[in-house]
Amino acid sequence: MSTSSSAAADDRVAGFFDELARRGDEPLLRKVSGRVRFDLADGPGAESRLLVIDEGKLALASDASQADCTVRGDLPVFAELVAGRMNFMAAVLRGALACDGDLELMWAVQRIFPAPPRGWDPTAGTRSA
């Protein structure tokens, strides 16, 4: 991935997590509590984001050491997730994301990722005319 596309992916993912923190409350997670660490790999480096969920109240924590569930993947994968062009569970099943810990929490947290953009066709680039 080029430096400019890596920076754009990083900006999209950072914006997504910032929006979660600003939102504060997620009705889809109202019965969920736990700590989910997202490990975002970008080449040789990695960055972690810790999302704390307390009965639907969302916050980002600065200490990403302790988590009930850890989701690991490359930054471009997370960029596709936050754009709605990739499904969280499909990414897990394909091995693009790896998850450890509380799998029930992983199932719940997939709800925070957006749905595909209107009119988006994931197979458009793979079909022949």
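Observations
- Expressed as a whole percent, the accessible surface of the chain that belongs to carbon and sulfur atoms is 51, based on a 1.4 Å probe.
- Net +/- balance of residues flanking Asp74 in space, Cβ distance below 14 Å, scoring K and R +1, D and E -1: -2
- The stretch 3-112 - accessible surface per residue (Å², probe 1.4 Å): 51 Å²
- Evaluated at q = 0.12, 0.22, 0.23 Å⁻¹, a Debye calculation over the C-alpha positions of the chain (equal weights, vacuum) places log10 I(q)/I(0) at -0.46, -1.48, -1.59.
- Among the trypsin sites (Lys or Arg not before Pro) in the stretch 1-90, those located in a DSSP loop and surrounded by at most 12 other Cβ atoms within 10 Å of their own Cβ are Arg30, Lys31.
- Using the rule -39500 (n - 2.57) for each DSSP H run of four or more residues, divided by the residues of the chain, the 222 nm mean residue ellipticity is -10500 deg cm²/dmol.
- Neighbour net charge for Lys57 - beta-carbon separation under 10 angstrom, K R +1, D E -1: -2
- Note: relative contact order over the stretch 1-110, using C-alpha pairs below 8 Å and six or more positions apart, is 27 percent.
The values are calculated or read from the model by the stated rules, or taken from the named source; none is laboratory data. Predicted, not measured: the structure shown is a model, and the values here were computed from it. Every residue, glycine among them, receives a Cβ derived from its backbone with ideal geometry; neighbour counts consider all protein chains shown. The protein model used for the area step is the full one, side chains on, heavy atoms only, and it has no ligands, DNA or RNA in it. Shrake-Rupley method; radii C 1.70, N 1.55, O 1.52, S 1.80 Å.
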